[in-house]
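Asker: Let me begin by handing over the structure; questions about it come next.
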């Protein structure tokens, strides 16, 4: 089977859906891949089987127009049995069956969490996938359940993300040196958040909750790792906190630092109001770290009873949970072992096999 996989939407700094695309390229070993990417972006895409085509323009409007009108007729499309759009979208014109990945349905359920232009665009793209795709991949049962409301005509395959348990594990040598090079004090107990800094991630709730935590634990700091998104003035948010001197913005965290940061955390806090999957929760569990995340979200599904759950947006409940986890410390070996075991149920190999199932159903 030969699959044209369009990774042209992947940003230079891989996170979220970009990380998902990179892991697919690495783990789709059962098929031949024709990787479609932006011009001058070929070098980072090395499929196990297949080739790379840097044929897409970089500016987003042009890229989306090219996908809609001619990528479905391009050389990699003609050489393949099917086309996979791993980020909601698909060519409007093609003779090949198309598989589309839908990550997140909050464009419908909570449009206020997104920029208005993105809401209109992704609602249209997701609705088109429901009508026209030969198969649809959803990254969680929660996303698949919401997507079902659109009455998709094609089969839906749930393919949860995975975690690299070699990178994300409870113990590793050299973490201290990596943290020191990043300017982080390995001796300071830190509550760590990893994610894009935007309204739906609950960073406002976390900063509010940390004010209470800081009063009880004068030595604890809050480290916010992630690149800025839209609609949230993080600097003003921090400046308004009475604990502002103990809140650090780390910016985008690269692959070398991410796992040590999660292993090093006194607590990993991911109080997002809603996601398609919530990969940082899984990665933190794989590191054996205490995790607090939100009830009634996909993160509850992913954590499988191995994280402390609070209601989204409830700063008082979040503060109480953080205080309890700080008091317990990292000495609850049974909790850590349960988290690691839960994370190991999710592998990128398993995710890739589910994608192959979706491809087979699309072709049939």
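Asker: How many residues, within region 239-257, are touching a strand residue (DSSP E or B) at 6+ places or on another chain (Cβ under 7 Å) and within 22 Å of residue 291 (Cα to Cα)?
Answerer: Restricting attention to region 239-257, the residues satisfying the condition of being touching a strand residue (DSSP E or B) at 6+ places or on another chain (Cβ under 7 Å) are 241, 246-250, 253.
In the following step, the residues that additionally are within 22 Å of residue 291 (Cα to Cα) were identified as 246-250, 253.
Within region 239-257, residues that are touching a strand residue (DSSP E or B) at 6+ places or on another chain (Cβ under 7 Å) and within 22 Å of residue 291 (Cα to Cα) number 6.
Asker: Separate question: Just checking: which of the strands (runs of 3 or more DSSP E) contained wholly in region 1-119 hold 2 or more residues that are touching a residue at least 60 places away in the same chain (Cβ under 8 Å)? Explain how you work it out, then say what you get.
Answerer: Values: elements: 2-6, 32-38, 50-56, 82-85, 98-102.
Fully inside region 1-119 and qualifying: 2-6, 82-85, 98-102.
Asker: Does region 120-138 hold any residues that are crowded, with 22+ Cβ neighbours inside 10 Å and either in a helix (DSSP H, G or I) or at pLDDT below 95 (or both), and which are they?
Answerer: Selection gives 122, 126, 129.
Asker: Which one of 233, 208, 204, 185 is outside the structural domain of residue 111 (by TED's automatic domain parsing), closer than 24 Å to residue 297 by Cα and free of Cβ contacts under 8 Å to residues at least 40 places away in the same chain? Give the steps one after another, and end with the answer.
Answerer: Values: 233 fails: closer than 24 Å to residue 297 by Cα; 208 fails: free of Cβ contacts under 8 Å to residues at least 40 places away in the same chain; 185 fails: closer than 24 Å to residue 297 by Cα.
The unique qualifying residue is 204.
Asker: Then there is this: Here is a check on your reading of the model: is residue 53 modelled with pLDDT of 90 or more, in contact with a helix residue (DSSP H, G or I) (Cβ under 9 Å, 6 or more places away or on another chain) and over 19 Å from residue 350 (Cβ atoms)? Walk me through how you get there before you give the answer.
Answerer: On the way: modelled with pLDDT of 90 or more: yes; in contact with a helix residue (DSSP H, G or I) (Cβ under 9 Å, 6 or more places away or on another chain): yes; over 19 Å from residue 350 (Cβ atoms): yes.
Against the criterion (modelled with pLDDT of 90 or more, in contact with a helix residue (DSSP H, G or I) (Cβ under 9 Å, 6 or more places away or on another chain) and over 19 Å from residue 350 (Cβ atoms)), residue 53 qualifies.
Asker: Only one of these conditions is not met by residue 104: (1) surrounded by fewer than 22 Cβ atoms within 10 Å (Cβ to Cβ); (2) at pLDDT below 95. Which number is it?
Answerer: Among (1) surrounded by fewer than 22 Cβ atoms within 10 Å (Cβ to Cβ); (2) at pLDDT below 95, residue 104 violates only (1).
Asker: If you take the residues of region 7-23 that are in contact with a helix residue (DSSP H, G or I) (Cβ under 7 Å, 6 or more places away or on another chain) and crowded, with 23+ Cβ neighbours inside 10 Å, which of them is nearest to residue 229 (Cα to Cα)?
Answerer: Selected residue: 10.
Asker: Taking residue 301, is it touching a strand residue (DSSP E or B) at 6+ places or on another chain (Cβ under 6 Å), over 19 Å from residue 224 (Cα atoms) and not in a loop (DSSP other than H, G, I, E, B)? If you could, list the steps in order and put the result at the bottom.
Answerer: Working: touching a strand residue (DSSP E or B) at 6+ places or on another chain (Cβ under 6 Å): no; over 19 Å from residue 224 (Cα atoms): yes; not in a loop (DSSP other than H, G, I, E, B): yes.
No.
Asker: Here's something else I'd like to know. Kindly indicate whether residue 304 is farther than 27 Å from residue 112 by Cα, surrounded by fewer than 21 Cβ atoms within 10 Å (Cβ to Cβ) and in the same structural domain as residue 180 (by TED's automatic domain parsing). Can you show your working first?
Answerer: Values: farther than 27 Å from residue 112 by Cα: yes; surrounded by fewer than 21 Cβ atoms within 10 Å (Cβ to Cβ): yes; in the same structural domain as residue 180 (by TED's automatic domain parsing): yes.
So residue 304 passes the test.
Asker: Restricting to region 327-353, name every residue that is within 18 Å of the chain's Cα centre (by Cα) and assigned to a helix (DSSP H, G or I). Show your work before the answer.
Answerer: Going through region 327-353, the residues within 18 Å of the chain's Cα centre (by Cα) turn out to be 342-352.
Once the filter is applied, which keeps residues that are within 18 Å of the chain's Cα centre (by Cα) and assigned to a helix (DSSP H, G or I), region 327-353 yields 342, 343, 348, 349, 350, 351, 352.
Asker: Quick check: is even one residue across region 67-82 buried (at least 17 other Cβ atoms within 10 Å of the Cβ), assigned by TED's automatic domain parsing to the domain that holds residue 359 and under 23 Å from the mean Cα position of the chain (by Cα)? Before the answer, list the steps.
Answerer: In the first step, residues of region 67-82 are kept if they are buried (at least 17 other Cβ atoms within 10 Å of the Cβ); the result is 67, 71-72, 74, 76-77, 80, 82.
Narrowing further to those that are assigned by TED's automatic domain parsing to the domain that holds residue 359: 67, 71-72, 74, 76-77, 80, 82.
Still in the running and under 23 Å from the mean Cα position of the chain (by Cα): none.
Scanning region 67-82, I find no residue that is buried (at least 17 other Cβ atoms within 10 Å of the Cβ), assigned by TED's automatic domain parsing to the domain that holds residue 359 and under 23 Å from the mean Cα position of the chain (by Cα), so the answer is no.
Asker: Taking into account only those residues within region 247-260 that are touching a helix residue (DSSP H, G or I) at 6+ places or on another chain (Cβ under 7 Å) and surrounded by 21 or more Cβ atoms within 10 Å (Cβ to Cβ), which is nearest to residue 335 (Cα to Cα)?
Answerer: Step one: of region 247-260, the residues touching a helix residue (DSSP H, G or I) at 6+ places or on another chain (Cβ under 7 Å) are 247, 249, 253, 256-257, 260.
After this cut, where a residue has to be surrounded by 21 or more Cβ atoms within 10 Å (Cβ to Cβ) as well, the list is 247, 253, 260.
Values: 247: 27, 253: 26, 260: 19 Å.
Per the criteria, the residue is 260.
Asker: If residue 189 meets every condition in (1) modelled with pLDDT under 90; (2) out of contact with any strand residue (DSSP E or B) (no Cβ under 6 Å at 6 or more places or on another chain) apart from one, which number is that one?
Answerer: (1)
Asker: Can you tell me which residues in region 312-330 are at pLDDT 95 or above and touching a strand residue (DSSP E or B) at 6+ places or on another chain (Cβ under 7 Å)?
Answerer: 312, 317, 318, 321, 322
The values are calculated or read from the model by the stated rules, or taken from the named source; none is laboratory data. Computed from a prediction, not measured in an experiment: that's the story for all the values here. So basically every Cβ, Gly included, is an ideal-geometry build from the backbone, and we count neighbours across all protein chains shown.
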